[in-house]
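Novice: What follows is a structure written as structure tokens; I'll ask about it next.
The values are calculated or read from the model by the stated rules, or taken from the named source; none is laboratory data. It should be emphasised that the depicted structure is a prediction, and the values quoted were computed from it without experimental measurement. Note that we place each Cβ from the backbone using ideal geometry, even for glycine, and neighbour counts take in every protein chain shown. Each accessible area value is taken on the protein alone, full model and side chains, heavy atoms only, with ligands, DNA and RNA left out. Shrake-Rupley method; radii C 1.70, N 1.55, O 1.52, S 1.80 Å.
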Amino acid sequence: MSNCHTNTVETGSSVQTAETVQKLIICGPPNVGKSLIFNRLTGRHATVSNYPGTTVEISSGHSALLPGHVVSDTPGAYSLMPITDEERVSRDVLMESEDAVLLHVVDAKNLRRMLPMTIELLELGRRVVLVLNMMDEARQLQVQIDSTRLSELLGIPVIETVATSNEGITGLCHVIRDGIQRPNRLTVHYPRRIQRIMETESGSAPDTPMLPTRFLASPAAEKLTAEELGDFELTVRVARQEHGDQLLGQCAHFPPPSTGAISGLLNKLTMNFWTAIPLALAVLYFGVYEFVGGFGAGTLVDFLENSVYETYVTPFLTHWTEKIIPWVMIQDLIVHDYGVLTLGLRYAVALILPVVGTFFLLFSVLEDSGYLPRLALLLDRLFKKLGLNGRAVIPIVIGFGCGTMATVVTRILETKRERIIATLLLGFAIPCSAQLGVVLGMLAQRPAALVAWAGILASIFLVLGFITSKNMPGEAPAFYLEMPPLRMPRLGNVLTKTYSRMHWYFLEILPLFLAASVIIWLGNITGLFAVIIAGMAPLVKAMGLPVEASPALLFGFFRRDYGAAGLFDLQNHGQLDARQTFVAVLVISLFLPCIAQFMVMKKERGWRFALMSTAAILVTATGVGLGVNAILVKTGWM
Amino acid sequence: MEESQIGTGCTVDYTHNPSAVLSDLAKGETALIERFSDLAHVRKFLSLGILPGTSITVLKQSPAVVLRVGYSEFAFDRRLAGTVQVRRMPGK
């Protein structure tokens, strides 16, 4: 049904029926402004960052500027030859949607490196618009591109844009609205060898025209060894590059890039080992400890929890609920100790949201500044010992915000082995920001305990990574990453991203918090929890904790942070002493991933993996709790 | 224009200019990529748009090799950088 409208999109035609929805797919290399163009066209907030690999899932939306069009954004790639899962996602989407108009977005100054993919898309006979984005930077470097001539040479529209300042977006919309004709199929001349390999492997008749891209996406290509595949792709890419260079020779001029050293003091400081380590520690101290821990988990939580919620909201809700609803059992569901509104909603809004919000704000600043790839560079050697490569800092750092989101982001890692190791480490030893905020709040008064807590967690992280990487077969990880320039983060963009992440988080957690409240209420009225808690009591006591900590630990099963928040509550009411606080905090930090993270683990890695790692996590957390308590009691350190 | 002569990607001319691997170059040296000796890893370079004939400048060798390619910068670990054969270009 949808392939009949290809030629019916006419100039100036304003009649669009519901059936002729035109698909627009944004594609191109990482970090060239695809998500920003997506946002401009749809008026939505896809997350835009200054590091490769933010768009893990395909996001789509109706275009606000182009009625009757649906725009999709794809993860970045330099060609349709995928390495990582996310690149495979892009390839499949681009290969499947024959009728879509492809907006191939490139960084104008790096057009030479990026044009081969435009050529690849045109070989497939797709309708393409080449978007030369970041024209401001190209102009500054005195790069000259005659886009009219390039458009004639390629037979497709070529549009210059500066997405950050909205320049050229209207022009782009005009071109799309006028309809994109299917261009003449472009032919690249490959060495004879390439044709022969394709014929041999796919068993097709000689001289059947075949495209390398289609061949590589077919099962026939799986018969090639890694070396043969590398050789094949290299030869194909070189031929496309030659084709592109020959075109650019007629319409573009690129002044030689500077051959000087690394520019900028800050850039130097972030890339030199001896200055970068103190800088990373400073970011950790001021960003995480002072800003997220002190301001988010301290000042903001105090204000929202004590000055707003407990002073006004809870008394108000309790008063009216008790007045309107006569049944105590139903009252308990809504208010009182475990009420949906006084526990679930309060935890979500007053305890967790400020912490997660401040973390995401910090993370957005770091990612927009281009600091994360530098951190990846710095930590690559350490991560190699854990069976990961430097690129894994991105999911790991996100894990300090939200383990669920981070588990999805492990898709940017190349090998299955790395994805498994990263998922495990996220589940075991990376506390999410909600836990982190609560932990920082609970241990803030005793820096020594905080250091010990961080030390134990870091040791588990390192030991677990080291053991897994030693025992798991597979290819050694490789590190290769683009280093985007350091940029001053733009306030608008930082706020937009923080907002969209908080929005995602809130939609994700609020229902779970409320559901957990209901389950706890059910567990309480049926007496089921009393039974489980009684069963847990010996273990909890063995860890030296008061029996009151059992519910918090049990509820931690529904969400780690939920349990953490419960402990925070206990401590605030003076029910935990120093040693108990420490042990409880440690156990809850190591504890089961929340339900959401468990579900994502299952989705990405399968049931077996999710269940087995969950069991291992439970055992480790309990074991560490028992051990640490025994040591503390014996030595009397706390 | 970069005066890059793009070959087939697999022929090497060892007779002229001294060849080296990427991880041997000194900081600040400029070179032309000649070939990739480990074809199993070549896709990692291709995925960043780095091909034979590309001119590169080494910005750092530690903790990983950092290159300027065109107007962008890239990092590779030393093992990967060791698979790239380059021809040194006369510096300024």
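Novice: In deg cm²/dmol and to the nearest 500, what is the mean residue ellipticity at 222 nm of chain A if only DSSP H runs of at least 4 residues count, each as -39500 (n - 2.57), divided by the residue total? List each step's numbers first, then the result.
Specialist: Working: 27 runs with 352 residues, N = 638.
The helix-only estimate for chain A comes to -17500 deg cm²/dmol at 222 nm.
Novice: Based on the alpha carbons, how large is the Rg to Rh ratio for the protein assembly as shown when Rh follows Kirkwood?
Specialist: On the way: Rg = 28.3 Å, Rh = 28.0 Å.
For the protein assembly as shown, the value is 1.01.
Novice: Dipole of segment A:115-260, Cα-centred, from +1 at each Lys and Arg C-beta and -1 at each Asp and Glu C-beta, to the nearest 20 debye? Let's see the in-between values first.
Specialist: Values: 14 positive and 19 negative charges, 80 e Å.
Result for segment A:115-260 is approximately 380 debye, rounded to the nearest 20.
Novice: What number comes out for accessible area per residue over segment A:192-253 if the probe is 1.4 Å? Units Å², please.
Specialist: Details: 2830 Å² over 62 residues.
I get 46 Å² per residue for this part.
Novice: Follow-up. Using θ = phi - 60° and the Karplus relation 6.51 cos²θ - 1.76 cosθ + 1.60, list the HN-Hα couplings for segment B:49-55 in order, rounded to whole Hz, with x at every Gly or Pro.
Specialist: x, 9, 10, x, x, 6, 8
Novice: Per residue of A:476-488, how many C-beta atoms from partner chains lie within 10 Å of its own C-beta, taken as a mean? Don't skip to the end; give the middle numbers.
Specialist: Numbers: counts 2, 2, 7, 10, 14, 8, 7, 10, 2, 3, 0, 0, 0.
Whole-number average of other-chain Cβ neighbours for A:476-488 is 5.
Novice: Between A:ARG185 and A:ALA515, with labels modelled 7 Å along Cα→Cβ, what's the label distance in nm to one decimal, could you check?
Specialist: Simple spin-label model gives 5.0 nm for this pair.
Novice: What's the magnitude of the charge dipole for segment B:17-88 around its Cα centre, counting Lys and Arg as +1 and Asp and Glu as -1 at the beta-carbon? Answer in Debye, nearest 20. Numbers along the way, then the final one.
Specialist: Numbers: 10 positive and 6 negative charges, 7 e Å.
Magnitude of the dipole: close to 40 debye.
Novice: Which whole number in µm²/s is D for segment B:17-88 by Stokes-Einstein, with the Kirkwood Rh taken over Cα pairs at 4 °C and 1.567 mPa s? The partial results should precede the final answer.
Specialist: Details: Rh = 11.7 Å.
The Stokes-Einstein estimate is 111 µm²/s.
Novice: Identify all lysines with a Cα-Cα distance to A:LYS497 below 30 Å; exclude those on the same chain that are fewer than 8 residues away in sequence.
Specialist: A:LYS23, A:LYS34, A:LYS109, A:LYS268, A:LYS416, A:LYS602, A:LYS603, B:LYS44
Novice: Separate question: Which residues of segment A:364-402 show a drop of at least 30 Å² in accessible area when all protein chains are present, compared with their chain alone (probe radius 1.4 Å, heavy atoms only, ligands and nucleic acids excluded)?
Specialist: Buried on complex formation: A:LEU377, A:ARG381.
Novice: Can you compute the FRET efficiency between A:THR170 and A:SER258 using 1/(1 + (r/R0)^6), with r the Cβ-Cβ distance and R0 = 41 Å? Round to the nearest 0.05. Working shown, then result.
Specialist: On the way: r = 34 Å, r/R0 = 0.83.
The calculated FRET efficiency here is 0.75.
Novice: Positive end of the dipole of segment A:192-253, charges at C-beta (+1 Lys, Arg; -1 Asp, Glu), about the Cα centre: which of A:LEU216, A:GLY249, A:ALA239 has its Cα farthest in that direction?
Specialist: Towards the positive end, the residue furthest out is A:GLY249.
Novice: Along the charge dipole of the protein assembly as shown, Cβ charges K/R +1 and D/E -1, which of B:GLY82, A:ILE145, A:MET134 sits furthest on the positive end?
Specialist: B:GLY82
Novice: In addition: Can you give the accessible area per residue of segment B:17-88, in Å², using a 1.4 Å probe? Walk me through the numbers before you get to the answer.
Specialist: Details: 1880 Å² over 72 residues.
Computed with neighbouring chains in place, this is 26 Å² per residue.
Novice: Could you tell me the center-to-center distance, by alpha carbons, between segment A:622-638 and segment A:86-111 in angstrom?
Specialist: For segment A:622-638 versus segment A:86-111, the Cα centre distance is 56 Å.
Novice: Provide the gained length on full extension for the span A:HIS503 to A:GLN250, in nm with one decimal, where the gain is 0.36 nm per separating residue minus the Cα-Cα distance. Numbers along the way, then the final one.
Specialist: Working: separation 253, 0.36 × 253 = 91.08 nm, distance 4.83 nm.
Contour length minus the Cα-Cα distance gives 86.3 nm.
Novice: Let me ask something else about it. With everything on Cα atoms, drop me the angle between helix A:560-572 and the longest principal axis of chain A, reported from 0 to 90° to the nearest 10.
Specialist: Tilt relative to chain A: about 40 degrees.
Novice: Let me ask something else. Considering only protein heavy atoms, what per residue accessible area in square angstrom results for segment A:373-469 with a 1.4 angstrom probe?
Specialist: Working: 2570 Å² over 97 residues.
Per residue, segment A:373-469 has an accessible area of 26 Å².
Novice: Pull up all non-local amide H partners of B:SER19: gap of 5 or more, or a different chain, and H-to-H distance under 5 Å with H placed in the peptide plane.
Specialist: Residues meeting the amide H criterion: none.
Novice: Expressed as a whole number of Å, what is the distance separating the alpha-carbon centroids of segment A:455-490 and segment A:300-351?
Specialist: Here the two parts' Cα centres lie 42 Å apart.
Novice: Now for a different question. If you fit an axis through the alpha-carbon atoms of helix A:595-605 and take the longest principal axis of the Cα set of chain A, what angle between them do you get, 0 to 90°, nearest 10?
Specialist: 40 degrees
Novice: I've got another one for you. Excluding ligands, DNA and RNA, what is the accessible area buried between chains B and A, summed over both sides, using a 1.4 Å probe, to the nearest 100 Å²? Mind dumping the intermediate values first?
Specialist: Values: alone 5850 and 28340 Å², together 29860 Å².
Summed over both sides, the interface buries about 4300 Å².
Novice: Positive end of the dipole of chain A, charges at C-beta (+1 Lys, Arg; -1 Asp, Glu), about the Cα centre: which of A:VAL335, A:GLN575, A:MET95 has its Cα farthest in that direction?
Specialist: A:GLN575
Novice: Still on this structure: How much length, in nm to one decimal, is gained on full extension between A:ASP302 and A:ALA476, taken as 0.36 nm per residue of separation minus their Cα-Cα distance? Please report the intermediate quantities before stating the final value.
Specialist: Numbers: separation 174, 0.36 × 174 = 62.64 nm, distance 4.72 nm.
Taking 0.36 nm per residue and subtracting the Cα distance, the gain is 57.9 nm.
Novice: So, R0 is 56 Å and r is the distance between the beta-carbons of A:GLU152 and A:MET612; what FRET efficiency does that work out to, to 0.05?
Specialist: Numbers: r = 60 Å, r/R0 = 1.07.
Approximately 0.40, to the nearest 0.05.
Novice: Treating only the Cβ atoms of Lys and Arg (+1) and Asp and Glu (-1) as charged, compute the dipole magnitude of the protein assembly as shown about its Cα centre; round to the nearest 20 debye. Each step should come with its number before you reach the end.
Specialist: Details: 61 positive and 60 negative charges, 253 e Å.
So the magnitude is around 1220 debye.
Novice: Right, something else. Quick one: angle between helix A:111-123 and the longest Cα principal axis of chain A, in degrees between 0 and 90, rounded to 10, please.
Specialist: Its long axis makes an angle of about 70 degrees.
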